[in-house]
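The block underneath contains the structure these notes are about, expressed in structure tokens.
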Amino acid sequence: MAASPPAPPHPTAPAKARDHSLSGLPGHAALPADRFFNRELSWLQFNRRVLAEAQNPNYPLLERLRFLSISGSNLDEFIMVRVAGLAAQVRRQIDEVSIDGLSATQQLQDIHVALGELVEAQARIFTELTVALENEGVRLITGRRLEKAEAEFLSDYFERHVLPALTPQAIDPAHPFPFIANQGSGILFSLVRIADGAPVNEMVLIPPAMPRYVRLPGQPATWIGIEELIRRKASRLFPGFRIHGNGIFRVLRDSDIEIEEDAEDLVRYFRTAIQRRRRGRVILLTLESQFDAGAEAMLRDKLRLDHAQVIKTKGPLSMTGLSAVVEEERPDLKFEPYSPRYPERILEHDGDCFAAIREKDLVVQHPFESFDVVIDFLHQAASDPDVVAIKQTLYRAGKQSAVIAALIAAAEAGKSVTAVVELKARFDEEQNLHWASQLERAGVQVIYGFVDWKTHAKVSMVVRREGDGYRTYCHFGTGNYHPVTARIYTDLSFFTADPRFGRDAGLLFNFITGYIEPRGTEMLAISPGGVRARLYECIDREIAFARAGKPATIWCKLNALTDPDLIDRLYLASQAGVSISLVVRGICCLKPGIKGLSETITVKSVIGRFLEHSRIWAFGNGGALPNKRARVYISSADGMSRNLDRRVEVLVPIRNSTVHDQVLDQVMLANLLDTEQSWQLDAKGNSHRVDPGPQPFNVHRYFMTNPSLSGRGAALTKGRKVPKLALRRGGAATA
């Protein structure tokens, strides 16, 4: 399919979004220049919080190892994208400063120091965990001698599964230096040929498809890293040589894909761009702590480490592979298994999603309530003879996607199916290309959206023939249509048959597929531009309430808050006396608690068993929160410039009273009240664990043990009630 042409001017596109600036509000000129935290350093603070969970004594040991693995995966992506972007600015001599006034060079200097500290901390925690795990019967072979049975198994495993896939490459003038792919690792060997005493240097690259860790049979559970296995069995790889030394290394490369506006075919462009990404500039070279200085110099020269960093570590060069060890069958070393509930409201209608939604709006909170309800919604649409059309956005759908299967089934059943597949979903481009091809073969109309804007909104729309007309059923989500991450990420799914939402969803899809501007929406705010304008309107109302002496409150839950204009709006609200409570899981560039600027603003982060991902805004609307009149919204958008100005996003108002109560009085309030998994951000940019106090409250435990308010249906009138949360000094109260 041909690529979309550049997006036409939009009434609230990025250029005009800036018209909603601070110029009409008193006090904007008084904002200090040093009012923002650096985005990149704030992210590193977030990853420190993730890494700290690997030391949390309240977690089982394998779950702590999982957090160590996650912190490593997070760090890899940060380096491949954010650090790579800054390095590119330096190379191209782009004279652009961050919102806190730092040049790209200054930011890289600070980041390099922080990266070194993080890698050192990871190595230290890895050592602590390996000792603790060995005491519990889970062993990782590092430097110790092998027992006879272990050595025999590994020799056999190496001969059959590893040796045939390895290709040693001599490093000398007669051989070109081998290409090392992104996230590739290898071992440099220093050898001496026994026949003539000649020194030889060899490189062995680890095949990417090879498992990172190998499980030995029997008990206790014993694992060995693939690099360690190859090093121990290297004599089989180099017969006729003496091994004098070896060292393991790993490479991370620039992995961002820049979109060219004149790309004539997005599919072809991304297929070639993915290949280019694997060969991007080296951004980080990681070495073992005892890596030979001469070999290091050779790698530096051959890899052309321009603006790249070199880090030496005593731990594994990649923590991501530890996820294999986490899967060890030791339930006593993991969280107690949790099975999400299916919404009772739908069960009361014999599983008929459409009947339940038609009766009343419904919100479902994943992973505490099953993502199966979203899959069932689409599967029922596919098999229902009265359904005539399905329209669906797809940002990240996963590798084994039941959503894709439902759309294919619907198309094969003769329904009109439109799928907006976002090719620019970072690191999912290849998978999305695959799904697009599968969908097109089944007869789905596949649209790739805009060239310069990502379609990040999570919307599904089903048009069903009912009586003499048609009814539109909609699903709006804060997270992706991804069945795997839906078991880990906390997100909200909002279902409605309200005709106003149906009309707005139709306008949204017409905008994406036909560039028809979504004028006159009744419920949704649509970005670019529209989400920003709606949020500014709501913030300004709270400012007006505060100046009139009325209660003025804003609650917000986001993954990131970096947009300087939005932050400035919140600063002005604080200066006017608005009470603002923010739950920001990751990056936050807003400085809380500064006298005269943000003294009424608090910022916390919740890091726990599940990854907080839902985006919620709540405005008191003239009363203290929570209250029945409050304006409540859920969204696919974070508080970032890219979400507000360069992506197609939606902000969804919650009007149904039951859904309103669940989102505001349960989900939002529970996050604010959490004390067991929360970190408080101070005015200097440091995060501190919240004191759990005498009555600790855990937001995840609360939702794991209490059924949904919105999804319970008739169960609300019988059986155990959901404990009611209340704001009180000292934490949560139930009644």
Please report the net charge: other residues with Cβ closer than 14 Å to the Cβ of Ile346, K and R +1, D and E -1. -4
Could you work out the relative contact order of the stretch 344-514, using alpha carbon pairs under 8 angstrom and six or more residues apart, expressed as a whole percent? 29 percent
The stretch 525-727: proportion of alpha-carbon pairs further apart than 22 angstrom, %: 48 percent
Local electrostatic count at Leu507 - Lys and Arg +1, Asp and Glu -1, tallied over other residues with Cβ under 12 Å: +1
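Quick one: plug the Kirkwood hydrodynamic radius of the chain (C-alpha pairs) into Stokes-Einstein at 4 °C, 1.567 mPa s, and report D in µm²/s.
The diffusion coefficient I find is 46 µm²/s.
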So what is the 222 nm mean residue ellipticity for the chain from helices alone, if each DSSP H run of at least 4 adds -39500 (n - 2.57) and you divide by all residues, rounding to the nearest 500 deg cm²/dmol? -9500 deg cm²/dmol
Take every Cα pair under 8 Å in the stretch 428-507 that's 6+ residues apart, average their separations, divide by the length, and report that relative contact order as a whole percent. 22 percent
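Please compute the Kirkwood hydrodynamic radius of the stretch 43-108 from all pairs of different C-alpha atoms, in Å with one decimal.
Evaluated over the stretch 43-108, this radius sits at 13.5 Å.
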Give the residue from Gln219, Ile554, Ile230 lying farthest towards the positive end of the charge dipole for the chain; charges sit on Cβ (+1 for Lys and Arg, -1 for Asp and Glu) and the dipole is referred to the Cα centre. Ile554
Tally the DSSP beta bridges in the chain and give the antiparallel ones as a percent, rounded to 5. 70 percent
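Using only C-alpha positions, report the orientation-averaged shadow area of the convex hull of the stretch 344-514, nm², one decimal.
9.5 nm²
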Can you give me the relative contact order of the chain as a percent, contacts being Cα pairs under 8 Å and 6 or more apart? 13 percent
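Cross-link list Lys550/Lys724; Lys591/Lys684; Lys550/Lys595; Lys360/Lys458; Lys591/Lys628; Lys360/Lys391: which exceed 19 angstrom alpha carbon to alpha carbon?
Lys550/Lys724; Lys550/Lys595; Lys360/Lys458; Lys591/Lys628; Lys360/Lys391
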Point-charge dipole on Cβ atoms (K/R +1, D/E -1) for the chain, about Cα centre, debye to 20: 1000 debye
Out of Leu709, Ala573, Ile543 - ranked by how far each Cα lies towards the positive end of the dipole of the stretch 525-727, with unit charges on the beta-carbon of charged residues - the top one is Leu709
One would report the antiparallel percent of DSSP beta bridges in the stretch 350-479, rounded to the nearest 5, as 60 percent
Of Phe697, Pro208, Leu333, which is farthest along the charge dipole of the chain in the positive direction, counting Lys and Arg as +1 and Asp and Glu as -1 at C-beta? Phe697
Other residues with Cβ under 12 Å from the Cβ of Cys538 give, with Lys and Arg +1 and Asp and Glu -1, a net charge of +2
Answer in debye to the nearest 20: the dipole magnitude of the stretch 344-514 about its Cα centre, from +1 Lys/Arg and -1 Asp/Glu charges placed on Cβ, is 480 debye
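FYI, it's all coordinate maths here, none of it is from the lab. All of these numbers come straight from a predicted model, not from anything done at the bench. We place every Cβ from the backbone using ideal geometry, glycine too, and count neighbours over all the protein chains shown.
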